[in-house]
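The next block holds one structure in the form of structure tokens; read it before the comments.
No lab work stands behind these numbers, since they all come straight from the coordinates. A quick note: this is a predicted structure, and the numbers were derived from the prediction, not measured. Glycine also receives a Cβ, built like all others from the backbone with ideal geometry; neighbour counts cover every protein chain displayed.
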Amino acid sequence: MKTIAALLHEHPFFAGMKDEYIQLIAGCAVNHIFNQGEYIAKESDAADYFYLIRNGRVSIETSQPNYGAVILQTLQDGDICGWSWLFPPHCWTFDAKAQTKVHTIKLDGRCLRGKCADDTQLGFDLMQRFARIMTERLQATRLQLLNIYGRPENNKDQEI
Amino acid sequence: MIPDIFYVKRRTEEYPGTFTLHIKKKDDQPQTSFQPGQFNMLYAFGAGEVPISMSGAPHSTSVYIHTIRTVGLTTQALERLREGDQLGVRGPFGRGWPVEKTTGKTIVIIAGGLGLAPLRPLIYHLLSKNRDATDIHIFYGAKSQPEMLYSDELKNWAQQLTLQTSVDMATPGWQGNVGAVTSLLTTAKIDPENTIAFICGPEVMMRFAIQELIKKNLPRTSIYLSMERNMKCATGHCGHCQWGPTFICKDGPVFCYEEIHDWFHRTEV
């Protein structure tokens, strides 16, 4: 059976990270499995953890009155779920729900915040990784907002 | 340059505003076979002519299949055609997907919206070669589930190859991926030495898809895309579809990214 440190090494989020940092982070991590339909996080709850998705699909949702849950985005193998643990007030912004059985590595945000405060190099490394993820998600959201698959507005026939 | 007369053998509605015509030559004469990625000029009498990609099985000499979205006057006229109605056809034209380069390679197909239509003949070709399902990866993005093309075929393809779909907007009951199709690529495992990628969709989607592939070290020579511009004559004479030093109708619509990357990102070209 692989150690948590080995699983962290394999996950794309930690690709290229120094081994000593992986060992430090592994001290704050455990394996966790969510069954299909189970909530990983609920909007406004305390965000004390975040999750590396090893396999499975997670939907990021919000609920609308008279409509129910609206799925904003899905995450899958190799993705990371949650960054609310990084910033005050440390509360989840959206719901996160397991669409399938989801194997994760659950990381304790409070434990990591303490280690990052003690070792700012670790904090910087981790923050760079989260900044990259946030940038990718922002770009993807902008693409979603563009409605790129909609009809061209110039009303002229072109090749499809 | 003179259109042949065809008639509509069958018409299907994909979703409101997008339909598929199965057309056959008048008197049921055999038609010219085509290469995946080529297109025909469809002439709606009294309205005009539009370039539309082939979306049926290549080497089929019984019918041509075209999936069309109504945008302007000509496509609106094509939409009004019903079974038995006639239209003019010139083609097939253009340079298609380089199917000969797929042998022994892992294939990544990235389609957005209506961009699945020009890729479908390529998928048919690959399926006819009895390739291993794990060798063919299709990433298909659409606005929402009701606006996905060929929904029945997508279910079949999911059994025969590796298919991942994503929608920008989840409708009630949708249990698949939500997000830009390029998000699926960020975590995809791609062997840059042994992969060839084919992309078709809105240009902005293709730019982001290429960025993801380049990040995974896929060489520019292994990336192919199908471009769209205002094609009129389809033979490289009128100049309407000039793009940099190329004519899309004659030198494309399929290009290797290595050939066009110098001007692909220039908005003024």
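Which chymotrypsin sites (Phe, Trp or Tyr not before Pro) from region A:1-102 combine a DSSP loop assignment with at most 15 other Cβ atoms within 10 Å?
For chymotrypsin sites (Phe, Trp or Tyr not before Pro) across region A:1-102 that sit outside H, G, I, E and B with at most 15 neighbouring Cβ atoms in 10 Å, the list reads A:TYR67.
Taking 4 °C and 1.567 mPa s as the conditions, I'd like the Stokes-Einstein D for the protein assembly as shown in µm²/s, using the Kirkwood hydrodynamic radius from alpha carbon pairs.
Result for D is 55 µm²/s.
Computed on alpha carbon atoms, what radius of gyration and Dmax characterise chain B, expressed in Å?
Cα-based Rg and Dmax for chain B come out at 18.0, 52 Å.
Give me a single rounded figure for B:167-179: the average over its residues of other chain Cβ atoms within 10 Å of their Cβ.
If you average over the peptide's residues, the count of other-chain Cβ atoms is 6.
Working only with C-alpha atoms, what are the Rg and Dmax values of region B:4-93, expressed in angstrom?
11.7, 32
For chain B, just give the cysteines left without a disulfide-compatible partner, judged by no other Cys Cβ under 4.7 Å.
B:CYS200, B:CYS241, B:CYS249, B:CYS256, each lacking another Cys Cβ under 4.7 Å.
Rounded to the nearest whole Å³, what is the per residue volume of the convex hull around the Cα atoms of region B:147-195?
104
What value, in deg cm²/dmol to 500, does the helix sum -39500 (n - 2.57) over DSSP H runs of n ≥ 4 give at 222 nm once divided by the residues of chain B?
Roughly -6500 deg cm²/dmol at 222 nm, from the helical runs in chain B.
Using unit Cβ charges (K, R positive; D, E negative) and no other charged atoms, how large, in debye to the nearest 20, is the dipole of the protein assembly as shown about its Cα centre?
480
What translational diffusion coefficient, in µm²/s and rounded to a whole number, does the Stokes-Einstein relation yield for region A:39-107 at 10 °C and a viscosity of 1.306 mPa s, taking the hydrodynamic radius as the Kirkwood radius over Cα pairs?
Once the numbers are plugged in, D ends up at 131 µm²/s.
For region A:1-78 and region B:1-69, what is the centre-to-centre distance using only Cα atoms, to the nearest Å?
Taking the Cα centre of each part, region A:1-78 and region B:1-69 sit 48 Å apart.
What do you get for trypsin sites (Lys or Arg not before Pro) in region A:56-160 restricted to DSSP loop and a cutoff of at most 15 other Cβ within 10 Å of the site's Cβ?
A:LYS101, A:LYS156
Eigenvalues of the Cα gyration tensor times 5, then square-rooted: what semi-axes does that give for region B:1-155, in whole angstrom, largest first?
So the equivalent ellipsoid measures 27, 19, 13 Å along its semi-axes.
Under 10 Å, Cα contacts only: if you run a Gaussian network model on chain A, which one of A:GLY82, A:GLY37, A:GLY109 comes out with the highest mean-square fluctuation?
A:GLY37
Please give the Cα centre distance for region B:74-132 versus region A:79-137, rounded to the nearest Å.
Using only Cα atoms to place each centre, the spacing works out to 43 Å.
Would you kindly work out the equivalent ellipsoid of chain A from its C-alpha gyration tensor and give its semi-axes, the square roots of five times the eigenvalues, largest first in whole Å?
The three semi-axes for chain A are 32, 19, 16 Å.
Taking DSSP loops as anything outside H, G, I, E and B, show the longest stretch in chain A free of GluC sites (Glu not before Pro) there with at most 16 other beta carbons within 10 Å.
No qualifying site falls inside A:44-152, the longest such stretch.
Filter the GluC sites (Glu not before Pro) in region B:62-112 to those in DSSP coil with at most 15 other Cβ atoms within 10 Å of their Cβ, and list the result.
In loop regions of region B:62-112 (DSSP not H, G, I, E or B), the sparsely surrounded GluC sites (Glu not before Pro) are B:GLU83.
What does the net charge come to around A:VAL70 if you take all other residues with beta carbon closer than 14 Å to its beta carbon, with K and R at +1 and D and E at -1?
Combined, the nearby Lys, Arg, Asp and Glu give -3.
Compute the distribution of all C-alpha to C-alpha distances in region B:99-226, in bins of 10 Å from 0, and list the percent of pairs in each, rounded to whole numbers.
13, 48, 34, 5, 0
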